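*Asks:* The structure follows.
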Amino acid sequence: MGLPRFGRPKGVDMQGKLSPNLFVANCGPAVGLSHDTIASVFAAFGEVNGVFAADESGARVIVSYCDESTATAALEALDGHPCPELGGRTLHIRYSVLQPTAPDQINDSVPVSLVASDLNIPGLYLLHDFVSTKEEEELLASIDERPWKSLAKRRVQHYGYEFCYETRNVNTRQHLGELPSFVSPILEKISLFPDLDNAASIVLDQLTVNEYPPGVGLSPHIDTHSAFEGFIFSLSLAGPCIMEFRRYTDGDWLNNNTKTQTPENGSNFLRRAIYLPPRSILLLSGEARYAWHHYIPHHKIDLVKDSVIRRASRRVSFTFRKGGYFAVSWRTWEMVNKCTMLNCSLQILWLELILANVTFPNIVILRDKKTGFCTD
């Protein structure tokens with residue numbers, strides 16, 4: 001469920017318009033006041049339906065009462081006066097009204113989890129404090145000594161193979177060399193990654209370093225199947241962020257003109273969100289890698305468990321992948337088909353590629369000469 005939408009009625013003086021809902025400024029998690037604390041203070045005047053964030057500032061809330069008379073009593077008692085129960089802050093209050101939500105409006109609110117297991121996405125893992133503060137400082141210093149490539153809203157560095165954003169692929173014919181020595185300790189730790197039976201055998205040969213300024217995120221996407229193999233590790237440095245995940249239903253990820261309503265969550269996709277603190281590492285594998293789009297909302301402020309967290313002056317991510325050579329086996333076909341829910345025409349295309357020894361720059365279909373089936 002999303003947050004209720006409140007606002008000022010057009011063409012109406014709010015001070016002369018009664019409403020059970022109050023807009024309260026100088027009050028909220030950003031100034032050290034939880035929604036529960038605020039609700040307990042305003043409940044002294046009558047039953048409170050709820051306290052909601054008025055915007056992304058974290059310093060303005062909506063207090064919703066059951067009736068207008070209790071809202072009026074609270075406004076007259078608290079507006080413009082210091083409130084001892086709320087740290088002595090002077091509140092600025094006016095009436096507000098509930099605005100109808102457009103039928104095609106996508107819900108932009110989703111609960112944020114702190115651990116990966118809460119999301120119930122197979123193949124998703126998050127380890128906190130994967131590197132120490134000292135290691136974080138050394139990694140940042142190392143990349144800042146090297147040249148950046150500027151994109152529209154962020155800067156990047158590529159190692160091993162360069163990722164082409166126009167084609168969302170890597171050019172295997174342009175090998176940039178081995179990964180830099182300053183990430184060797186990270187690769188060694190990844191080889192000891194818990195919950196992965198074959199972690200020691202994982203070979204990662206492509207690294208993309210992204211630098212995000214405040215308010216800049218990523219659009220929803222799945223890393224190209226043919227460009228990278230099944231494990232993607234992302235190390236967060238310098239600042240936190242929220243990463244959200246979407247799984248589209250009925251193959252609607254293939255549609256540009258998608259419907260936005262389902263009974264479950266008001267959209268054509270399932271949504272999950274997780275908080276990525278600095279020095280944590282995220283692993284996408286299996287279903288999390290192939291079935292769920294991941295993205296970073298373009299926010300300067302995130303609300304996590306009733307706490308407002310401001311984005312840092314920069315956030316840097318190290319994303320490690322295996323690229324350059326992708327053998328599409330029968331097992332890979334089963335994983336992609338299961339996770340992405342390919343429609344019939346795409347299933348036929350994939351089967352034709354698998355049953356024929358077709359070779360593309362980044363896709364090699366391997367077939368057993370005796371059985372005709374693909375090898376692993």
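*Asks:* Under a point spin-label approximation (7 Å from Cα along Cα-to-Cβ), what is the LEU176-ALA312 distance to one decimal in nm?
*Replies:* 2.2
*Asks:* In Å², and per residue, what accessible area does region 18-98 have when probed at 1.4 Å with the other protein chains present?
*Replies:* Numbers: 3420 Å² over 81 residues.
With the other protein chains kept in place, region 18-98 gives 42 Å² per residue.
*Asks:* Return, for the Cα atoms of region 102-189, the radius of gyration and Dmax in Å, separated by a comma.
*Replies:* That works out to 18.2, 53 Å for Rg and Dmax.
*Asks:* Which entries of LYS189/LYS300; LYS153/LYS189; LYS149/LYS322 show an alpha-carbon separation above 29 angstrom in the structure shown?
*Replies:* LYS189/LYS300; LYS153/LYS189
The values are calculated or read from the model by the stated rules, or taken from the named source; none is laboratory data. In this text, all values refer to a predicted model and were calculated from it rather than measured experimentally. Every residue, glycine among them, receives a Cβ derived from its backbone with ideal geometry; neighbour counts consider all protein chains shown. Just the protein is used for accessible areas: all its heavy atoms, side chains included, with ligands, DNA and RNA removed. Shrake-Rupley method; radii C 1.70, N 1.55, O 1.52, S 1.80 Å.
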